[in-house]
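Here's the structure, in structure tokens; my notes come after.
The values are calculated or read from the model by the stated rules, or taken from the named source; none is laboratory data. Predicted model, so just to flag it, every value in this text is computed and none were measured. Note that each Cβ is placed from the backbone with ideal geometry, even for glycine, and that neighbours are counted across all protein chains shown.
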Amino acid sequence: MFANLKTAVVILNWNGKKLLEQFLSSIINFSSDDATIYVADNASTDQSITFVKNNFPQVKIVANKFNGGYAKGYNDALQHIEADIYCLINSDVEVTQNWLTPIIETFKNDENTAIIQPKILDFKDKTKFEYAGAAGGFIDTLGYPYCRGRVFNCLETDTGQFDETSEIFWASGACFFIRSEVFHKLEGFDEDYFAHQEEIDLCWRAQNEGLSVKYVGNSTVYHVGGATLQESNPRKTYLNFRNSLLTALKNVPSKNLFLVIFMRLILDGVAGLKFIVELRPIHTWSIVKAHFSFYKNLVKFTKKRKQIQRKSNYSIHTSVVWQHFVLQRKKFNTLK
């Protein structure tokens, strides 16, 4: 169908045999006519690649030498995949019939569109948006990421309120479409992130080049979420807090940078106290470690910052923390 726009659906896998058993067939059934399907394996030890070879010989395999996380895993694998469009999709995603069609058509119709995500609903409750991306991501004035359909932990029910195609600020790494030319020009994901929020950084850099990030609401996928790192995992807390600070340091315009970093450090401290009150001190310690890692990376990321031309207007809303937790605004359309 899209003979003039070659598409590769690339599933990053690390010890995900059970997930591949559950979800790979849906990707094959609904994608193989329009795309070549790859499993990019991060040195798994659970026989997942043997499973793919034995049961889905039509799926191509790219074997990475070690587990470099999401960022390096995709950077390494995509060096070996030739396509016009990369679809980077988690192994815990179920796709739907004709999910590729509106997305590839959007790329064909708008050459300036560099990155796209579909509507991401919760596999466990298919009436609700899913945490990791929902109906497209944004960044508030303090650099906090949030989504249409998901503000912090409040998930909206999908009633068709986000069915259109629209501009967004960042696309979810759970199902992330990008032009291969753009991916390689921007040198892919920042490998210092390992995992979590590297897609926000890449979208930010793409927009600094004058390119567009979009959400296509008439393409739907269902995401389990937390399949690699559960929300209760302190490693996830560490990566989220550290990487969010590093993204702000790297990308926020100079006039706002000091205030943003200062306020973020204070609010991280508040979050740490909240974890203590909730009897989850190990997550407080994760925030402390995230801050130490942030300080350790200050010089390195300041150098990266100097290489970026910060042009994009990253904020459409004032502090979402204030609006959500103090003013009790729970839905995207109530934010101001």
Problem - Number of the condition not met by S172 [criteria: (1) over 25 Å from Q323 (Cα atoms); (2) free of Cβ contacts under 8 Å to residues at least 60 places away in the same chain; (3) in contact with a Cys (Cβ under 9 Å, 6 or more places away or on another chain)] - result: (1)
Practice task
Would you point out the residue of region 278-318, among those that are in a loop (DSSP other than H, G, I, E, B) and touching a Phe, Trp or Tyr at 6+ places or on another chain (Cβ under 8 Å), that is modelled with the lowest pLDDT?
Solution key: S312
Problem - When residues of region 284-336 are limited to those that are surrounded by fewer than 17 Cβ atoms within 10 Å (Cβ to Cβ), under 21 Å from the mean Cα position of the chain (by Cα) and hydrophobic (A, V, I, L, M, F, W, C), the one nearest to Q161 (Cα to Cα) - result: I316
Completion exercise
Only one of N256, N218, N251 is buried (at least 21 other Cβ atoms within 10 Å of the Cβ) and of a type outside the set (V, I, T), namely N251
Handout entry: Which numbered condition L24 misses (of (1) farther than 23 Å from I103 by Cα; (2) not in a loop (DSSP other than H, G, I, E, B))
Key = (1)
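I'd like to verify a number: residues in region 144-159 that are of a type in the set (D, E) and assigned to a strand (DSSP E or B), how many?
Quick first cut of region 144-159, residues of a type in the set (D, E) only: 156, 158.
Keeping just the survivors that are assigned to a strand (DSSP E or B) gives none.
Total meeting the criteria: 0.
Does D46 satisfy the criteria of being of a type in the set (D, E), surrounded by 19 or more Cβ atoms within 10 Å (Cβ to Cβ), in contact with a helix residue (DSSP H, G or I) (Cβ under 9 Å, 6 or more places away or on another chain) and over 25 Å from N208 (Cα atoms)?
Values: of a type in the set (D, E): yes; surrounded by 19 or more Cβ atoms within 10 Å (Cβ to Cβ): no; in contact with a helix residue (DSSP H, G or I) (Cβ under 9 Å, 6 or more places away or on another chain): yes; over 25 Å from N208 (Cα atoms): yes.
No: the conditions fail for D46.
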Practice task
Being in contact with a helix residue (DSSP H, G or I) (Cβ under 7 Å, 6 or more places away or on another chain), crowded, with 22+ Cβ neighbours inside 10 Å and either at positive phi or assigned to a strand (DSSP E or B) (or both) is the filter here, so list the residues in region 90-112 that pass it.
Solution key: V93, V95
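With touching a strand residue (DSSP E or B) at 6+ places or on another chain (Cβ under 7 Å) and outside any helix (DSSP H, G or I) as the only criterion, which of K336, K330 stands out?
Values: K336 fails: touching a strand residue (DSSP E or B) at 6+ places or on another chain (Cβ under 7 Å).
Testing whether each residue is touching a strand residue (DSSP E or B) at 6+ places or on another chain (Cβ under 7 Å) and outside any helix (DSSP H, G or I) leaves just K330.
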Fill in the blank from the handout: Log entry, pairs with first residue in region 61-81 being without any contact (Cβ under 8 Å) to a residue 60 or more places away in the chain and closer than 17 Å to S91 by Cα, second being acidic (D, E) and surrounded by 19 or more Cβ atoms within 10 Å (Cβ to Cβ), beta carbons closer than 6 Å, six or more apart or on different chains, reads A63/D41; N64/D76
Completion exercise
Across (1) out of contact with any Lys or Arg (no Cβ under 8 Å at 6 or more places or on another chain); (2) under 16 Å from K6 (Cα atoms), I89 clears everything bar (2)
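When you go through G225, G272, G210 one by one, which is the residue that is on the phi > 0 side of the Ramachandran plot and surrounded by 18 or more Cβ atoms within 10 Å (Cβ to Cβ)?
Values: G272 fails: on the phi > 0 side of the Ramachandran plot; G210 fails: surrounded by 18 or more Cβ atoms within 10 Å (Cβ to Cβ).
After applying the criteria, what remains is G225.
Being part of a helix (DSSP H, G or I), on the phi < 0 side of the Ramachandran plot and touching a helix residue (DSSP H, G or I) at 6+ places or on another chain (Cβ under 7 Å) narrows it down to one residue among F189, F183; which is it? So that I can check it myself, show each step before the final result.
Values: F189 fails: part of a helix (DSSP H, G or I).
Going through F189, F183 in turn, the sole match is F183.
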